[in-house]
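Trainee: Encoded as structure tokens, here's the structure I'll be asking about.
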Protein chains: 2
Amino acid sequence: MTLLALYRDQWMNSVLIASSLNINPVLVRRELTLLKKGNLIESKEGKNGGVRLIKDPNTILLSDIFNLAKGEETVLSLSKNTPNPSCRVGKQINENLMLIMKTIDDSIINTLKLKTLEEFKNKF
Amino acid sequence: MTLLALYRDQWMNSVLIASSLNINPVLVRRELTLLKKGNLIESKEGKNGGVRLIKDPNTILLSDIFNLAKGEETVLSLSKNTPNPSCRVGKQINENLMLIMKTIDDSIINTLKLKTLEEFKNKF
DNA sequence: TATAACTGTAATTTAAATTATTACAGTACA
DNA sequence: TGTACTGTAATAATTTAAATTACAGTTATA
């Protein structure tokens, strides 16, 4: 997103972005799909295609990006937590932990609401 | 820690705790080592040994536990991030992300400072 | 004082999750 | 009509996390 904000006038392709991140272009395209569904970027197929921001970076909060990237999960995951249901604590722990994790996610989101992509971009 | 708070009068052993968590006792003992270094618990070796809280659960904040469990890392990790140093963004991104991640960690810790182990324990 | 039941920790194996790769249909430009 | 892209699925390779095994050291107690 920093790259897209810096080069707003250009269609940036997944190979270029992947080269900056030093990861595989397919991973980049997968992530861009999420950002596109969230209406932060648009894409153009075909030769000289790529992606670019739809919105002014001043109106994009880091929390917007975070929310799209994170999906429905909480940051601290319970996916591998399968406590013993015959234990007084185990049988209830996940619902109680989930409440805390939602609180944590909220605090992260509130922190990231204070930062715009424009501000972040200007550090480069 | 919930178990230890509920059964403060007993030495709780790693097999029992592991059975509640439904994980391997060795993992439990490794994690208990961190909590012990942080002076939240004490351990007793030998037969009928185990671990127990040192402090009153009213004086243990969830942030205390979180800090010990998390170690020196930030919650959102950069460990696999090796961006392209010949890219204007890539060469600087990790230091800028790290600043944000420290801010995020701070906000999580502040959230967890508002909750005591005693309060959490009382949900069970 | 021997045995059983623990902690503490290292080394290794196994399983799970992540990332990379390959492949290809579809689209747009020149 | 060829080239360079997106979009997406399937699979392979790699990395990380967890489980397992092992064992030295400690303590209670029969």
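Trainee: Using the Karplus curve 6.51 cos²θ - 1.76 cosθ + 1.60 with θ = phi - 60°, what ³J(HN,Hα) values do you get for each residue of the range A:23-38, in whole Hz, with x for Gly and Pro?
Mentor: Here the 3J(HN,Hα) series is 9, 6, x, 5, 4, 4, 5, 4, 5, 5, 4, 5, 5, 6, 4, x Hz.
Trainee: Sort shortest first the distances from residue B:54 to its counterpart in every other copy, using label points 7 Å along the Cα-to-beta-carbon line, and give them in nm.
Mentor: Going from nearest to farthest copy, the values are 5.5 nm.
Trainee: Another one. Give me the one-decimal nm value for the distance between modelled label points at residue A:94 and residue A:69, 7 Å along each residue's Cα-to-Cβ direction.
Mentor: If labels sit at residue A:94 and residue A:69, their model points lie 2.7 nm apart.
Trainee: Distance in whole Å from the A-onto-B rotation axis to the closest C-beta of chain A, together with the residue it belongs to, please.
Mentor: A:107, 2
Trainee: For the range A:2-121, what is the accessible area per residue in Å² when the probe is 1.4 Å?
Mentor: About 57 Å² of surface per residue is accessible.
Trainee: Considering the dipole of chain A built from charges on the beta carbon (Lys and Arg +1, Asp and Glu -1) around the Cα centre, which of A:11, A:46, A:109 is farthest to its positive end?
Mentor: Most positive-ward Cα: A:46.
Trainee: Please give the solvent-accessible surface of residue A:124 in Å², to the nearest 10, using a probe radius of 1.4 Å with every protein chain present.
Mentor: 40
Trainee: Of all the accessible heavy-atom surface of chain A, with the other protein chains kept in place and a 1.4 Å probe, what percent is carbon and sulfur?
Mentor: Here it works out to 51 percent.
Trainee: Show me, for the range B:72-77, the HN-Hα J-couplings you get by feeding each phi into the Karplus relation (A = 6.51, B = -1.76, C = 1.60, θ = phi - 60°), rounded to Hz, glycine and proline as x.
Mentor: Each residue's phi maps through the Karplus curve to give 8, 5, 8, 4, 8, 9 Hz.
Trainee: Which whole number gives the average count of other chain Cβ atoms within 10 Å of the Cβ atoms across peptide B:76-86?
Mentor: Across B:76-86, the average partner-chain Cβ count within 10 Å equals 2.
Trainee: Still on this structure, I have one more. Residue by residue through the range A:79-95, what is 3J(HN,Hα) from phi via Karplus (6.51 cos²θ - 1.76 cosθ + 1.60, θ = phi - 60°)? Round to whole Hz and write x for glycine and proline.
Mentor: Using θ = phi - 60°, the values come out as 4, 9, 8, 10, x, 6, x, 8, 9, 3, 7, x, 6, 10, 5, 5, 5 Hz.
Trainee: With each label point set 7 Å from Cα along the Cα-Cβ vector, what nm distance links residue A:29 and residue B:48?
Mentor: 6.7
Trainee: For B:95-104, what's the mean count of beta carbons from other chains sitting within 10 Å of each residue's beta carbon?
Mentor: For this peptide, the per-residue mean of nearby foreign Cβ atoms is 3.
Trainee: Follow-up. At what distance in angstrom do the alpha carbon centres of the range B:37-83 and the range A:1-45 lie from each other?
Mentor: Using only Cα atoms to place each centre, the spacing works out to 39 Å.
Trainee: Another question, if that's okay. If you take the accessible area of B alone, add that of A alone, and subtract the area of the pair, what total do you get in Å², probe 1.4 Å, to the nearest 100?
Mentor: Counting both chains, the buried surface is close to 2900 Å².
Trainee: Okay, moving on. Which distances in nm, rounded to one decimal and ordered from shortest, link the label point of residue B:92 to the equivalent label points in the other identical copies, with labels set 7 Å from Cα toward Cβ?
Mentor: 5.2
Trainee: In whole Å, what are the extents of the protein assembly as shown along the principal axes defined by its C-alpha atoms, from largest to smallest?
Mentor: Between the extreme Cα coordinates on each principal axis of the protein assembly as shown lie 71, 31, 30 Å.
Trainee: Rounded to the nearest whole Å³, what is the per residue volume of the convex hull around the Cα atoms of the range B:2-121?
Mentor: 118
Trainee: Measuring label to label, 7 Å along Cα→Cβ, what does residue B:15 give against each other copy in nm, shortest first?
Mentor: Taking the point 7 Å beyond Cα along Cα→Cβ, the inter-copy spacings are 6.1 nm.
Trainee: Of A:96, A:81, A:33, which is farthest along the charge dipole of the range A:2-121 in the positive direction, counting Lys and Arg as +1 and Asp and Glu as -1 at C-beta?
Mentor: A:81
The values are calculated or read from the model by the stated rules, or taken from the named source; none is laboratory data. Since we're looking at a predicted model, the values are computed, not measured. When we count neighbours, we look across all protein chains shown, and the Cβ atoms used for this are built from the backbone with ideal geometry, even at glycine. Just the protein is used for accessible areas: all its heavy atoms, side chains included, with ligands, DNA and RNA removed. Shrake-Rupley method; radii C 1.70, N 1.55, O 1.52, S 1.80 Å.
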